[in-house]
1. In Å and on Cα atoms, what radius of gyration and Dmax does the chain show?
2. If you add up the charges near Ala253, with Lys and Arg at +1 and Asp and Glu at -1, over every other residue whose beta carbon is less than 9 angstrom from its beta carbon, what do you get?
3. Given the Cα-Cα distance of Glu163 and Val263 and 0.36 nm per residue of separation, how much length would full extension add, in nm?
4. Using a cut-off of 9 Å between beta-carbons, work out the net charge of the residues near Val54 (Lys and Arg +1, Asp and Glu -1, Val54 not included).
5. Defining a contact as two alpha carbons under 8 Å apart and six or more residues distant in sequence, what relative contact order in percent does the chain show?
6. Val101 to Leu189: extension gain in nm, 0.36 nm per residue of separation minus the Cα-Cα distance?
7. Using just the helices of the chain, give the 222 nm mean residue ellipticity in deg cm²/dmol: DSSP H runs with n ≥ 4 each add -39,500 (n - 2.57), and the total is spread over all residues, rounded to 500.
8. Hey, any idea what % of the chain's accessible area is carbon plus sulfur with a 1.4 Å probe?
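The values are calculated or read from the model by the stated rules, or taken from the named source; none is laboratory data. Not measured: the values here are computed from a predicted model. Glycine gets a Cβ as well: all are built from the backbone with ideal geometry, and neighbour counts include every protein chain shown. When the accessible area is computed, the model is the full protein with side chains, heavy atoms only, and any ligands, DNA or RNA have been set aside. Shrake-Rupley method; radii C 1.70, N 1.55, O 1.52, S 1.80 Å.
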Amino acid sequence: DVGIAEEHAVSMAGGLAKQGMIPVVALYSTFLQRSYDMILQDVAMLHLHVVLAVDRAGLVGEDGETHHGIYDVGFLRHAPGMMVLCPASLAEQEAMLQWAVEEYDGPVAVRYPRGGNRGFDGNKWTGNPDVVGAGALACHRMGKDVTLITYGTMIDNTMQAAELLAQQGIEATVLRLLTVSPLPVYHVLTMMSETPHVVILEEAAGGCGIREALAWELHKLKQGIRVDGVDLGKQYVTHGDMNALYKHYRLDAESIASYVQEVRQP
């Protein structure tokens, strides 16, 4: 515990890893921001086996405006060689942390939300939580009309949105990325719906997620793919109840379904 000296925590972890230890640095996403330089130059540049346990990833509800973890996907993806894992349940979180410590060899982050779980029905929707690593992808639903892509616990709202869309005659494929760095682009392309329309749903600040990067990579492999998406926008996210925040930023199931219907219009 280094108090509010997160820069020191990450730099010290790099030193420990260089001496053969496997340090796990558990920090809130919002405070990990202070360590950006150390992540880049004291860990990633040397490709050291440091495990970042990124708590409070995404919205934090009533923890307050300063505690939303909505920038970490962006700044962690900046670091060359950094793997970023996104569990959607406590079972996956445990499996990914174990894999990151015992099987991986290099800089790796496991980002998880406040409380670890948000009602995700692991038995119903998730694949095998033991399948983690580069390029990991879970397909939760197959449909021919549109592909919804998300990661982490946003799968809850996304799956509920897919069910609402089905009631309107729109069948969605739902893909969940287990890693946002590297992006499983080839797997996404293989498992997309027949219609080349992708909608990416992220609990991340505008420009700090994966939408632009994934769209770019998909376009390099196949022309004619349309990519839309919803994120939290560029403004600072206010304090509030989780359900109210999802609705306000159009990331609740009803708003997602409505948005997909909007962007599907000619």
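1. Rg and Dmax of the chain, Cα atoms, are 18.0, 59 Å.
2. -4
3. 34.2 nm
4. Once positives and negatives cancel, what remains is 0.
5. That works out to 18 percent.
6. Between Val101 and Leu189, full extension yields an extra 28.7 nm.
7. Only helices count here, giving -9500 deg cm²/dmol.
8. 51 percent
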